[in-house]
Amino acid sequence: MKLNADSAAPQPADLPWQEAVAKYQNPDVRASLWQIATSVIPYIVLWFLMYLSLEYSYLITLALSVLAGGFLVRIFIIFHDCGHGSFFKSQKLNHIVGSICGVMTFTPYFEWRHAHAIHHATAGDLDRRGTGDVLTLTVKEYQQMPGWKRLGYRLYRNPLVMFILGPMFVFLVVHRFPSRNSKKRERTSVYWTNLAILAYIVPLVVLIGLERYILIQLPIALLTGTAGVWMFYVQHQFEGTYWEKHVQWDYLTAALKGSSYYKLPKILQWFTGNIGLHHIHHLSPRIPNYNLQACHDANPLFQQVPTVTLGPSFKSVFFKLWDEEQRRLVGFGRFKPTQPEAS
């Protein structure tokens, strides 16, 4: 099943796998509320314990930040599901909860939702890269770049920038401004998110002081941002992934071959809200995260997909470019760059 040039995504009713996913697309309000309770309450408690721990040892504070970061990742998954309209049956409730979670994760809900929808509609499409994804150049594109642009791309794909500096910059700085092509609702989402963030940070800073707030929130933000970007990265940048020109691009293939099944230890799968079952999520983003595993287990088709486990997943940091001739991701050292032709 292929997308037409003017269509964002095929409708489930038009696809042969519709019956396989249909019964998993219905959110359960009790499961959703329980996930909110088991994510938000522990996060707030841990944040308070981090504040108390500052009186004893900052090492304790940092240790607690690992757990707090894990729960903030779960809050981001709730935010993510609300953006897809999959966490509650009520779209209004999705928007309300998603916006609140967006404030907690420093992410404007409608702005992010729009960019992420484009990502879902274009993942694996070489002709529609650039919005809501990890920029991936082809070998030919890289070879034809001038030296300064190659350097910029190398810096962008450097693990220190990609997984540590980049996430902090995006969540703390980039998300504070609407994108150039944002429409009114997306722009308004950015402004209201910024105001809401200030509305709860300023009283906290007045209450506990700016230094203590930074000592608590900064390691949480760093760990959450790094974990979130890593999950997003490895779910599409893996050995055997799928990229294709638009005329050959296929939605079903892009979902099942271009999105990995990142099979994590159960505790990490829980903290990341089952998002490692990314092939199912891309096939049907209307499935709430707590139904992804059941959908995967019940359908043999979904079990015949690229599986990435924790240890081998780290080799993904060496994938930098898409080689159209070999049809695989390669590193910078796999070819000799040619000089761009003189104009």
### Query
Full extension from LEU155 to GLU325: what is 0.36 nm times the residue separation minus their Cα-Cα distance, to one decimal in nm?
58.7 nm
### Query
Which aspartates and glutamates does LYS149 reach when only Cα atoms under 14 Å apart count, and residues fewer than 8 places away in its own chain are ignored?
GLU141
### Task
For every other residue with a beta carbon closer than 15 angstrom to the beta carbon of LYS183, add +1 if it is Lys or Arg and -1 if Asp or Glu, then tell me the sum.
+3
### Task
Add +1 for every Lys or Arg and -1 for every Asp or Glu among the other residues with Cβ under 13 Å from the Cβ of ILE201, and state the total.
+2
### Task
Take the chain, drop everything but the C-alpha atoms, weight them equally and run the Debye formula without solvent; then report log10 I(q)/I(0) at 0.06 Å⁻¹ to two decimals.
-0.23
#### Entry: Listed residue (ALA294, LEU264, PHE318) projecting farthest to the positive dipole end of region 216-343, Cβ model
LEU264
### Task
Would you list, by chain and number, the aspartates and glutamates whose Cα falls below 15 Å from the Cα of LYS257, excluding same-chain residues fewer than 8 positions away?
ASP125, GLU239, GLU244
### Contour minus Cα-Cα distance for ALA63 and ASN194 (0.36 nm per residue)
44.3 nm
### Query
What is the gain in length, in nm to one decimal, between LYS315 and PHE177 on full extension, counting 0.36 nm per residue of separation less the C-alpha to C-alpha distance?
46.3 nm
### Query
Relative contact order for region 144-294 using alpha-carbon pairs under 8 Å, separation at least 6, rounded to a whole percent?
16
### Query
Under 16 Å Cα-Cα from LYS23, which lysines qualify once same-chain neighbours fewer than 8 residues away are excluded?
LYS89
### Query
Under a 1.4 Å probe, what is the accessible area of the chain per residue, stated in Å²?
51
## Note on the structure
Whole-percent carbon and sulfur contribution to the accessible surface of region 184-343 (1.4 Å, no ligands, DNA or RNA) stands at 63
### Query
If contacts are Cα pairs under 8 angstrom and at least 6 residues apart, what is the relative contact order of the chain in percent?
24
### Query
Assuming a viscosity of 0.692 mPa s and a temperature of 37 °C, what translational diffusion coefficient in µm² per second does Stokes-Einstein assign to region 91-214, Rh being the Kirkwood radius over Cα pairs?
195
### Accessible surface of region 45-120, 1.4 Å probe, proportion on carbon and sulfur as whole %
75
### Query
In the chain, which longest range has no GluC sites (Glu not before Pro) that are both DSSP loop (not H, G, I, E or B) and surrounded by at most 12 other Cβ atoms within 10 Å?
56-324
### Query
Can you name the helices of the chain, as whole DSSP H runs, whose Cα span along the helix axis is 15 Å or more and whose Kyte-Doolittle mean is not below 0.0?
29-53, 58-83, 91-104, 184-208, 210-234
### Query
Going from the alpha-carbon gyration tensor of region 155-231, what semi-axes, largest first and in whole Å, does one get by taking the root of 5 times each eigenvalue?
23, 21, 8
### Query
Based on the Cβ-Cβ distance from THR253 to ALA298, what FRET efficiency comes out when R0 is 22 Å, to the nearest 0.05?
0.55
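The values are calculated or read from the model by the stated rules, or taken from the named source; none is laboratory data. None of the values given here were measured: they were computed from a predicted structure. Cβ atoms come from the backbone with ideal geometry, glycine included; neighbour counts cover every protein chain shown. These accessible areas exclude ligands, DNA and RNA; they are computed on the full protein's heavy atoms, side chains included. Shrake-Rupley method; radii C 1.70, N 1.55, O 1.52, S 1.80 Å.
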